[in-house]
1. Could you tell me which residue of the range 203-257 is nearest to residue 184 (Cα to Cα), considering only residues that are of a type in the set (Lys, Arg) and assigned to a strand (DSSP E or B)?
2. Here are the criteria: (1) among the charged types (D, E, K, R); (2) more than 9 Å from the ligand (Cβ to nearest atom); (3) within 26 Å of residue 179 (Cβ to Cβ); (4) surrounded by 14 or more Cβ atoms within 10 Å (Cβ to Cβ). Tell me which single one residue 46 does not satisfy.
3. Among (1) within 26 Å of residue 362 (Cβ to Cβ); (2) without any contact (Cβ under 8 Å) to a residue 12 or more places away in the chain; (3) touching a helix residue (DSSP H, G or I) at 6+ places or on another chain (Cβ under 9 Å), which single condition is residue 239 missing?
4. Could you grab me the full set of residues in the range 94-105 that are small (Gly, Ala, Ser) and within 11 Å of the ligand (Cβ to nearest atom)?
5. Do we find a residue being under 23 Å from residue 258 (Cα atoms), surrounded by fewer than 23 Cβ atoms within 10 Å (Cβ to Cβ) and among the β-branched types (Val, Ile, Thr) anywhere in the range 158-172?
6. Exactly one condition in (1) within 23 Å of the chain's Cα centre (by Cα); (2) within 15 Å of the ligand (Cβ to nearest atom); (3) not acidic (Asp, Glu) is not met by residue 39; state its number.
7. Select from the range 290-319 the residues that are within 29 Å of residue 81 (Cα to Cα) and either surrounded by 11 or more Cβ atoms within 10 Å (Cβ to Cβ) or among the hydroxyl-bearing types (Ser, Thr, Tyr) (or both) and list them in ascending order.
8. Might you let me know whether the range 171-186 holds any residue that is more than 12 Å from the ligand (Cβ to nearest atom), at negative phi and of a type in the set (Ser, Thr, Tyr)?
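Read the figures in this text as sums done on the coordinates, not as results from a lab. Everything quoted here is computed from the prediction, not taken from an experiment. Glycine also receives a Cβ, built like all others from the backbone with ideal geometry; neighbour counts cover every protein chain displayed.
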Amino acid sequence: MSASKQKMRGGIIGGGLMGREAASAFGRWFVLNDFPAQAELVAVCDLQETLLEWFRQVPTVKLLTKDHQELLRSPDVDVVYVAVPHNLHEKIYLDVLKAGKDLLAEKPFGIDLKAARSIRDAAAQSGRFVRCSSEFPFLPGAQRVIQAVQSGKLGRILEIRAGFWHSSDLDPTKPANWKRQVKTCGEIGVMGDLGMHVVHVPFRLGWKPVRVYTQLQKIYTQRPDGKGGMANCDTWDNALMHVDALINGEEVPMRLETKRLAPGETNTWFIEVLGTEGGARYSTKEPKTLWLFERAKEQIWQRIDLGYQMVFPTITGGIFEAGFPDCFLQMWAAYAAERAGALGNRFGCVTPDEAVRSHELFAAALESHIKKIVMPLPNA
Ligand SMILES: NC(=O)c1ccc[n+]([C@@H]2O[C@H](COP(=O)([O-])OP(=O)(O)OC[C@H]3O[C@@H](n4cnc5c(N)ncnc54)[C@H](O)[C@@H]3O)[C@@H](O)[C@H]2O)c1
């Protein structure tokens, strides 16, 4: 593998919460064992001086700028990670592609379906390597659920539940930010914010949504604006998508949940697949616990303690626990490996087509809620 090492010189546009998380992934690239590509963060763009100041501590960063076009003009940048508010996705992603750079896009890959299709089409035309972010499926528990499904040992699938829950919005004094407003977050609200994380595994397993009935809720419609006043919050906060999914020629109930107000759930990503012969359940609520069901003479739910069995091996001891920065690094490793043509049969990042399909689902889900009807999915 070392013969095919490829250098990935990264630039970040949007150095907020996720931009700095990406810097952390680049910064400990050396933990990946015998990896096919090297990575180095070389340039960062953000509008905020304090954030650019933070990036000064990263020794490999040579360019700090408030103008994303300046970053894109740099011949030292091969791959750009863009983590900006959703209303800016389409413009900046297209600029990245026009500049001839590869792109790791943040979800939801455009503010709406139209934007997602335009990015997908531009990506295909450009020939650049483009993927979208979704890191939780790289956790060992999620991978074990995928393996359980792929083993065929679950029998006929009875039902699926998958979701991503947050809870900090239960506090009505939490200030508003761009994620709470349609003009910056998008009409699909929480589905755009959290939904890509929920559909990545179902889509990759080939489960095809056929129709959807959705319940959406707006809970707090005003929040402190951080300047002594109040700001309107007009995005959907909680979404329950009741989906019929086509699996092996049969329609199976699949409930997808994205919630900002899920009592007690700080950042809970979960998936549960139940079949006639077996089942698998994993939640970041209990990050090292995998539940596997087996219908033997007796019906058994087994609880398994997971260690650090990652998609891409690292120096970390096998008994240690994996957390958010670990799966985020693994996602970046998957991006770099696939870009270098070395992903093999390992799990990969969300493709532009999958991102568009997620938007097709969320657009139908929104219409379902507004009209109170079951919505068919395109090409269903
Ligand atoms: N993968 C994940 O787990 C995950 C988690 C949170 C957010 N996200 C996604 O990441 C993206 C960013 O979210 P965040 O939470 O990091 O937001 P954030 O508000 O913390 O950061 C966004 C940054 O973009 C900067 N910015 C705005 N306009 C810019 C411009 N024109 N040029 C350069 N920088 C600009 C802002 O100054 C800010 O620092 C969104 O798409 C969001 O959905 C992903």
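1. If we take residues in the range 203-257 being of a type in the set (Lys, Arg) and assigned to a strand (DSSP E or B), then 223 is nearest to residue 184 (Cα to Cα).
2. (2)
3. Unmet for residue 239, out of (1) within 26 Å of residue 362 (Cβ to Cβ); (2) without any contact (Cβ under 8 Å) to a residue 12 or more places away in the chain; (3) touching a helix residue (DSSP H, G or I) at 6+ places or on another chain (Cβ under 9 Å): (2).
4. 105
5. No, the conditions are met nowhere in the range 158-172.
6. Failed condition: (2).
7. 308, 309, 310, 311, 312, 313, 314, 316
8. For the range 171-186, residues more than 12 Å from the ligand (Cβ to nearest atom), at negative phi and of a type in the set (Ser, Thr, Tyr): present.
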